[in-house]
Amino acid sequence: MTAGARHRLSLPLLAFACACTAFLPIGGKYLGYVGCGLAALALLQRAGALPQLLRQPGFQAAAAFYGFTLASALWSSGSLRDIAAQLGLYSLLLLVPVIALGCPPDFARRTLRYFALAAAVVGAAVALGHQGLLPGELLWHSTVNAEGNQRIVTSLVLALGAAMALVEVLRSPGGSRERWAWMAAVSLAVLGLALQDRRTGMVALPLLLAVLGLAHQRRRHPGRALVLLALVAGLSVAAWQWAPGVRSRIDEGVQEMLSYQSSDAAATSWGMRLRLAEHTLDMARAAPVAGNGVGSWLVEWRRRVQPGLVISIHTTPHNEYLLVLSQLGAIGIALLAWVLIGHLRRAWQAGDAGLAALVAWTAIAWTGLFNVVLRDAKFALPLLLLAGLAGAVQREPMGSGRGSD
């Protein structure tokens with residue numbers, strides 16, 4: 001086999017492996033994201049493009065946020081272990097613009113396509129497992145059979161996979177076999193999402209579809225965009241009625257919030273989340289400008305909660321914005337907003353080339369309301385990898401996509 005043939009074979013295999021890491025255990029997620037980031041950095045260095053990276057608005061925003069986070073260690077009340085762990089996790093944000101600028105757009109698009117196909121396969125596996133027909137259950141321990149936060153991540157990543165597959169539907173020629181194949185991939189990912197028992201992805205999917213539809217139609221048919229929003233809303237209500245597992249979880253959450261009483265004795269999922277929010281806002285009021293310092297939340301939490309209570313087992317407030325507000329204050333929130341709003345604005349302005357990036361950053365910003373997406377590597381690694389790859393696709397010239405409508 002010639003060197004050129006090996007190169008043509010290795011790139012698709014590498015893209016496939018990178019795409020699958022979103023569904024792998026945490027070690028595989030680290031390997032995919034950090035490996036992709038280091039490879040992109042090497043390409044930038046080889047091309048002499050590192051000065052260009054430093055001028056990128058996305059990198060400047062991420063560097064400013066991380067720089068202030070690093071500086072806050074000087075006044076943090078947290079332990080050295082917690083400070084170091086959180087600094088390490090927030091440093092992952094710096095690799096997103098590296099991947100976006102250094103990764104070849106064609107490789108990034110191929111990887112996102114493989115990711116959408118992987119989501120369809122996982123969706124089909126969820127459906128088979130729901131019927132007791134899933135073979136080789138050990139193969140699905142980080143997806144169908146996952147527990148805890150990893151199960152929530154799978155729900156969210158399935159929603160992202162469905163949205164990424166829909167991007168490919170929009171890029172495919174109307175009426176073509178390719179478009180029908182991508183529509184089937186969307187259906188399988190959504191089917192798996194509806195059959196699993198976590199709320200996160202099912203709640204995120206309508207938002208992702210609405211944002212995607214608005215971005216795609218706003219310049220073509222503004223009136224059709226409004227019709228699309230109504231259609232997404234109607235389908236969401238229908239799906240909520242059709243998916244009993246998800247519906248019961250949503251109903252459960254609503255009842256927990258309605259019956260909440262402000263007390264550390266709260267023992268329901270959303271009752272504890274509301275109490276976590278109350279205590280975290282109290283931490284923020286104690287240091288409103290610069291916060292209590294990176295890694296300080298756990299120490300401040302334990303000062304406020306009686307040991308032995310059910311709620312005392314929590315190690316985060318389950319909300320990225322509340323965590324940043326308590327640890328980095330108003331300055332930290334402003335810097336995080338610079339990161340998120342900047343990426344969302346650039347993706348929106350990029351038109352069809354920015355659809356994948358718009359979906360990825362919308363998922364990150366939305367999920368941060370209910371989980372610590374940057375503080376928890378299970379969330380951060382797959383979401384930031386997809387955001388970086390989508391940023392590379394965003395570099396494609398306008399009109400390079402193949403979609404018709």
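The values are calculated or read from the model by the stated rules, or taken from the named source; none is laboratory data. In this text, all values refer to a predicted model and were calculated from it rather than measured experimentally. Here the Cβ positions follow ideal geometry from the backbone for every residue, glycine too, while neighbour counts run over all protein chains shown.
Brief remarks follow.
- Some residue of segment 83-92 being surrounded by 14 or more Cβ atoms within 10 Å (Cβ to Cβ) and free of Cβ contacts under 8 Å to residues at least 60 places away in the same chain: no
- Helices (runs of 4 or more DSSP H) enclosed by segment 297-405 - at least 1 residues per element that are on the phi > 0 side of the Ramachandran plot, at pLDDT 95 or above and among the small types (G, A, S): 320-349
- Residue within segment 44-59 that is assigned to a helix (DSSP H, G or I) and under 20 Å from the mean Cα position of the chain (by Cα) present: yes
- Annotation: of all residues in segment 175-207 being farther than 23 Å from H141 by Cα and outside any helix (DSSP H, G or I), the one that is modelled with the highest pLDDT is S176.
Condition check ((1) surrounded by fewer than 23 Cβ atoms within 10 Å (Cβ to Cβ); (2) in a helix (DSSP H, G or I); (3) basic (K, R); (4) modelled with pLDDT of 90 or more) across all residues:
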site	(1), (2), (3), (4)
L133	yes, no, no, no
N149	yes, yes, no, no
T154	no, yes, no, yes
L158	no, yes, no, yes
P173	yes, no, no, no
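- Looking only at segment 290-317, and only at residues there that are buried (at least 16 other Cβ atoms within 10 Å of the Cβ) and polar (S, T, N, Q), the one that is farthest from the chain's Cα centre (by Cα): N292
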